[in-house]
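Asker: Below is one structure. I have some questions about it.
The values are calculated or read from the model by the stated rules, or taken from the named source; none is laboratory data. Since this is a predicted model, take the numbers as computed values, not measurements. Please note: Cβ atoms are built from the backbone with ideal geometry, for glycine as well, and neighbour counts cover all protein chains shown.
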Amino acid sequence: DTAVSQTPKYLVTQMGNDKSIKCEQNLGHDTMYWYKQDSKKFLKIMFSYNNKELIINETVPNRFSPKSPDKAHLNLHINSLELGDSAVYFCASSHLGDRASPLHFGNGTRLTVT
Amino acid sequence: AQKVTQAQTEISVVEKEDVTLDCVYETRDTTYYLFWYKQPPSGELVFLIRRNSFDEQNEISGRYSWNFQKSTSSFNFTITASQVVDSAVYFCALSERSFGNEKLTFGTGTRLTIIP
């Protein structure tokens with residue numbers, strides 16, 4: 001019954017490695033997002049995809065590459081991980097154009113880069 | 001640019017007290033939506049309420065109530081008879097239209113601690 005699920009929940013890795021976070025939603029939404037929450041709890045959008053098309057890219061380093069194989073999935077691949085990438089990454093989904101549609105968030109992936 | 005300000009970084013109250021979390025926003029849009037999300041210690045983000053800019057009616061849901069005042073650009077959240085389970089970080093957010101697409105701009109959050 002999970003609406004937005006992301007894996008893994010925890011990810012610990014060393015600097016320089018490449019890692020991926022997966023996200024899937026079963027709500028039938030047409031838009032998916034990645035948000036980053038830093039150590040001070042500040043939440044900021046990174047990317048948004050609508051029907052597999054990138055529509056928002058918020059000045060995120062090129063090391064971050066989202067991939068949307070279909071409307072229900074939005075994965076985040078991170079190359080050459082840096083210490084500053086340590087954060088909690090949230091996937092979310094909603095209906096685009098329906099401003100009353102709240103974002104439904106996944107439970108987050110805590111990434112720790114050592 | 002859109003902006004959401006939650007001036008209260010941390011609040012602590014004793015259980016059963018009422019508490020109000022403040023939210024002030026800035027936008028040039030005439031149509032917009034405001035949201036509150038709760039982030040308990042377990043870390044997930046839980047949707048609480050959305051309000052559109054044309055509806056200034058206050059809303060009550062159990063012990064929760066929201067006061068939207070367009071004149072002061074505020075969307076405050078009150079918990080009555082607080083309980084320990086209300087301890088969490090609460091985020092106010094504004095729905096922003098950018099090139100026809102939507103994204104949420106979040107405030108910095110208010111950490112609420114309910115003392116038993």
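Asker: Looking at region A:79-95 only, could you name the residues that are over 11 Å from the mean Cα position of the chain (by Cα) and buried (at least 19 other Cβ atoms within 10 Å of the Cβ)? Steps first, please.
Answerer: Start the filter on region A:79-95 by keeping residues that are over 11 Å from the mean Cα position of the chain (by Cα), which leaves A:79-87, A:94-95.
Listed by number, the residues that qualify are A:Leu81, A:Asp85, A:Ala87, A:Ser94.
Asker: Criterion first (surrounded by fewer than 18 Cβ atoms within 10 Å (Cβ to Cβ), among the hydrophobic types (A, V, I, L, M, F, W, C) and closer than 30 Å to A:Lys9 by Cα) does B:Ile11 satisfy it? Full working, then the answer.
Answerer: Details: surrounded by fewer than 18 Cβ atoms within 10 Å (Cβ to Cβ): yes; among the hydrophobic types (A, V, I, L, M, F, W, C): yes; closer than 30 Å to A:Lys9 by Cα: yes.
Answer is yes for this residue.
Residues are listed down the side, and each one gets a yes or a no for (1) in contact (Cβ under 8 Å) with a residue 24 or more places away in the chain; (2) within 13 Å of chain B (Cβ to nearest Cβ):
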| residue | (1), (2) |
| --- | --- |
| A:His29 | yes, yes |
| A:Ser39 | yes, yes |
| A:Asn50 | yes, yes |
| A:Asn62 | no, no |
| A:Pro66 | yes, no |
| A:Ser80 | yes, no |
| A:Ser86 | yes, no |
| A:Gly108 | yes, yes |
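Asker: Which one is modelled with the highest pLDDT among residues in region A:1-59 that are among the hydroxyl-bearing types (Ser, Thr, Tyr), out of contact with any Lys or Arg (no Cβ under 7 Å at 6 or more places or on another chain) and surrounded by fewer than 13 Cβ atoms within 10 Å (Cβ to Cβ)?
Answerer: So in region A:1-59, the residues among the hydroxyl-bearing types (Ser, Thr, Tyr) come out as A:2, A:5, A:7, A:10, A:13, A:20, A:31, A:33, A:35, A:39, A:48-49, A:59.
Narrowing further to those that are out of contact with any Lys or Arg (no Cβ under 7 Å at 6 or more places or on another chain): A:2, A:5, A:20, A:31, A:33, A:39, A:49, A:59.
Of the ones still in play, those that are also surrounded by fewer than 13 Cβ atoms within 10 Å (Cβ to Cβ) are A:2, A:39, A:59.
Values: A:Thr2: 67, A:Ser39: 92, A:Thr59: 77.
Going through the qualifying residues, I end up with A:Ser39.
Asker: I'm checking my understanding of the structure. Among residues of region A:69-114 that are under 24 Å from B:Lys38 (Cα atoms) and among the basic types (Lys, Arg), which one is modelled with the lowest pLDDT?
Answerer: A:Arg99
Asker: Of the conditions (1) touching a residue at least 12 places away in the same chain (Cβ under 8 Å); (2) surrounded by fewer than 18 Cβ atoms within 10 Å (Cβ to Cβ), B:Ser71 satisfies every one except a single condition; which number is it?
Answerer: Going through the list (1) touching a residue at least 12 places away in the same chain (Cβ under 8 Å); (2) surrounded by fewer than 18 Cβ atoms within 10 Å (Cβ to Cβ), B:Ser71 breaks only (1).
Asker: Please enumerate the residues belonging to region B:60-94 that are assigned to a strand (DSSP E or B) and of a type in the set (A, V, I, L, M). If you could, list the steps in order and put the result at the bottom.
Answerer: Let us first name the residues in region B:60-94 that are assigned to a strand (DSSP E or B), namely B:60-61, B:64-69, B:74-79, B:88-94.
Hits for region B:60-94 are B:Ile60, B:Ile79, B:Ala88, B:Val89, B:Ala93, B:Leu94.
Asker: Do you know which of the residues in region B:79-110 that are at pLDDT 95 or above and surrounded by fewer than 16 Cβ atoms within 10 Å (Cβ to Cβ) is farthest from the other protein chains (Cβ to nearest Cβ)?
Answerer: B:Ala81
Asker: I need a count of the residues in region B:1-40 that are at pLDDT 95 or above, more than 12 Å from chain A (Cβ to nearest Cβ) and assigned to a loop (DSSP other than H, G, I, E, B).
Answerer: 8
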